1. Is it the case that residue 25 is surrounded by 20 or more Cβ atoms within 10 Å (Cβ to Cβ), under 20 Å from residue 96 (Cβ atoms) and either within 17 Å of the chain's Cα centre (by Cα) or among the polar types (S, T, N, Q) (or both)?
2. Please specify each residue of segment 39-83 satisfying the condition of being touching a residue at least 24 places away in the same chain (Cβ under 8 Å), closer than 19 Å to residue 25 by Cβ and not in a loop (DSSP other than H, G, I, E, B).
3. Looking at segment 54-69, which of the residues that are surrounded by 13 or more Cβ atoms within 10 Å (Cβ to Cβ) and of a type outside the set (A, V, I, L, M, F, W, C) is farthest from residue 19 (Cα to Cα)?
4. Could you check segment 65-78 and list, in sequence order, the residues that are under 9 Å from the mean Cα position of the chain (by Cα) and of a type in the set (S, T, N, Q)?
5. Can you tell me which residue in segment 70-93 is surrounded by the fewest Cβ atoms within 10 Å (Cβ to Cβ), limited to those that are small (Gly, Ala, Ser) and within 15 Å of residue 52 (Cα to Cα)?
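Just so it is clear, none of the values below were taken in a lab; they were calculated from the coordinates. Bear in mind that the values here come from a model prediction, so they are computed numbers and not experimental data. Glycine gets a Cβ as well: all are built from the backbone with ideal geometry, and neighbour counts include every protein chain shown.
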Amino acid sequence: MTVASLGVGRPKSKKIVSAAARRLRLTVGLNLKRLVAREWPGKSLTFGYERIGEATGFSLSTLQRVAAGSHGCEIDTLADIAKALGCTAAELCEQHPDSSHKEPPPEPPAPASRRQLQRMSE
């Protein structure tokens, strides 16, 4: 077994997320916020996330990232969150006409390397 086969020393690659996946993440986040507000009216979102966390074992920060749309989650996680909210995973993924969120911005281009910058200045 070599060091290279273990992946040691290689930088971790950043996963590229499609526009469709980003839209779904935003939709799930908006629905999560809407359903938390419905379930615990007059309470803060954090209060609702803490209740969901108690029921599911997910951390507050994980639920906040899901709600922000910055964290994708597995279907099992969606199902657990939905159960805690008294809805289905499909309801969390359903886009509502009143939730008009903008298209997520495109991924920024990778920064230019020193060599690329030198070539451009020549």
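1. Criteria met by residue 25.
2. Answer for segment 39-83, where residues must be touching a residue at least 24 places away in the same chain (Cβ under 8 Å), closer than 19 Å to residue 25 by Cβ and not in a loop (DSSP other than H, G, I, E, B): 52, 56, 63, 66, 67, 68, 78, 80, 81.
3. Only one residue tops the list, namely 56.
4. Across segment 65-78, the qualifying residue is only 70.
5. Checked segment 70-93; the qualifying residue surrounded by the fewest Cβ atoms within 10 Å (Cβ to Cβ) is 86.
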